[in-house]
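Here's the structure, in structure tokens; my notes come after.
Values quoted throughout were computed directly from the atomic coordinates according to the rules given, and no laboratory measurement underlies them. Source: prediction; values computed, not measured. Don't worry about glycine lacking a Cβ; one is built from the backbone with ideal geometry, like all the others, and counts go over all protein chains shown.
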Amino acid sequence: MSKLFSRVSLTADNGSTDEYLCPGMPDTEEQIADTDGYRDFIEDNPDAESVTVDVEHYIYGEGERENADEDDIAEFEKRGEDFLNSDEVDYLDNNRFIIPTGDEGFSMEEMT
């Protein structure tokens with residue numbers, strides 16, 4: 001069984017940055033906004049008017065693909081940065097987008 005996961009890098013317009021791993025391959029603003037890492041970042045940066053999101057998609061292992069779960073992510077994080085560069089992990093794709101947060105924070109209505 002292979003596990004799909006992503007490394008998400010966030011950069012607020014105020015200069016603040018953060019990075020985290022998450023299950024699956026989120027590729028839309030709504031999917032990123034639904035992650036704990038994004039919500040925590042927005043709480044820590046209430047003055048941000050927009051967040052640039054860089055998402056790198058990876059696969060770990062071989063065989064039938066499924067999204068990594070939270071336990072898998074915790075294990076991957078324990079292995080450190082070298083894990084992503086190991087022969088066990090393959091880079092798949094990446095994408096970048098900007099989420100406008102406005103004065104009120106992220107709103108799904110802004111995305112429609």
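Quick one: compute the contact order of the chain, relative version, from alpha carbon pairs under 8 angstrom and 6+ residues apart, as a percent.
It rounds to 36 percent for the chain.
Can you tell me the dipole magnitude for the chain around its Cα centre, using point charges on the Cβ only (Lys, Arg +1; Asp, Glu -1), in Debye to the nearest 20?
260
Convex hull over the Cα atoms of region 2-111, averaged projected area in nm²?
6.9
For Glu66, project a label point 7 Å along Cα to C-beta. Then give me every residue of region 1-45 with its amide nitrogen under 15 Å of that point.
1-5, 23-24
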